[in-house]
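**Q** Below is one structure. I have some questions about it.
The values are calculated or read from the model by the stated rules, or taken from the named source; none is laboratory data. Worth saying up front: this structure is predicted, and the values here are computed from it rather than measured. Counting neighbours? That spans all protein chains shown, and the Cβs are built from the backbone with ideal geometry, glycine included. In case anyone asks, the SASA skips ligands and DNA or RNA and just uses the protein heavy atoms, side chains included. Shrake-Rupley method; radii C 1.70, N 1.55, O 1.52, S 1.80 Å.
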Amino acid sequence: MNQALQFRAANAADIDAIVALVESAYRGDVSRQGWTTEADFLDGRRTGADDVIACLEREHSRIVLAERDGQLLACAHVAEEDGAGYFGMFSVKPDLQGGGIGKHVLAECERIARDEWQLPAMRMTVIDIRDELIAFYERRGYRRTGITKPFPYGDARFGLPTRDDLRFEVLEKELHHG
């Protein structure tokens, strides 16, 4: 199991596998094996082929896949948005969470934003009740900005909330250039 992760950019042939991975990490009973689950407060879908295709077609946008022995273990989306990197769609197979894979995926996406796109910072939005998730990012240099965005209630593409107090908070990290 100690073989290095291989990173590559996703393409159209990967769409179904990406959707399945993201759903497994955030939705339903299988997601409860891992700590990124949103099953307790969101039903419905987390992503779909339409989202993945939109990410693949955007300029300065890449879905990074992490594989070992040809098996897809994790993915994330990195893109340029408002002059900074944006990190999202971060998913690690539930039974492998907590094993360090996520740190490597995050670092690879930061490298792309910093070195390939010359961006000064990385941002992400996190549902603000996710204390453990926010702590994970804080340990990796992200800070809470206090900037919040409303949760898109009524838009089934983002899931079907089971509580009415959800909102996003923006986290940000400066990317220092060599």
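**Q** Among the numbered conditions (1) part of a helix (DSSP H, G or I); (2) among the basic types (Lys, Arg); (3) free of Cβ contacts under 8 Å to residues at least 40 places away in the same chain, tell me where Arg114 comes up short.
**A** The number of the failed condition is (3).
**Q** Would you mind finding the one in Ile147, Ile129, Ile134 that is open to solvent by less than 40 Å² (accessible area, probe 1.4 Å) and hydrophobic (A, V, I, L, M, F, W, C)?
**A** Answer to the check: Ile134.
**Q** Answer yes or no as to whether Glu59 is modelled with pLDDT under 95 and surrounded by 15 or more Cβ atoms within 10 Å (Cβ to Cβ).
**A** no
**Q** Another one. Within the set of pairs 6+ apart or on separate chains, which have a first residue in region 1-28 that is free of Cβ contacts under 8 Å to residues at least 40 places away in the same chain and closer than 13 Å to Met89 by Cα, a second that is surrounded by 12 or more Cβ atoms within 10 Å (Cβ to Cβ) and among the charged types (D, E, K, R), and C-beta atoms under 6 Å apart?
**A** Pairs that qualify, where the first residue is free of Cβ contacts under 8 Å to residues at least 40 places away in the same chain and closer than 13 Å to Met89 by Cα and the partner is surrounded by 12 or more Cβ atoms within 10 Å (Cβ to Cβ) and among the charged types (D, E, K, R), are Glu23/Arg46.
**Q** Does Asp155 qualify as being of a type in the set (D, E, K, R), out of contact with any Ser or Thr (no Cβ under 9 Å at 6 or more places or on another chain) and either open to solvent by less than 60 Å² (accessible area, probe 1.4 Å) or modelled with pLDDT of 95 or more (or both)?
**A** yes
**Q** Looking at region 41-89 only, could you name the residues that are within 14 Å of the chain's Cα centre (by Cα) and of a type in the set (Asp, Glu)?
**A** Matches in region 41-89: Asp51 only.
**Q** Collect the residues in region 90-120 that are over 16 Å from Glu172 (Cα atoms), of a type in the set (A, V, I, L, M), open to solvent by 10 Å² or more (accessible area, probe 1.4 Å) and under 15 Å from the mean Cα position of the chain (by Cα), keeping them in residue-number order.
**A** Hits for region 90-120 are Val92, Ile101.
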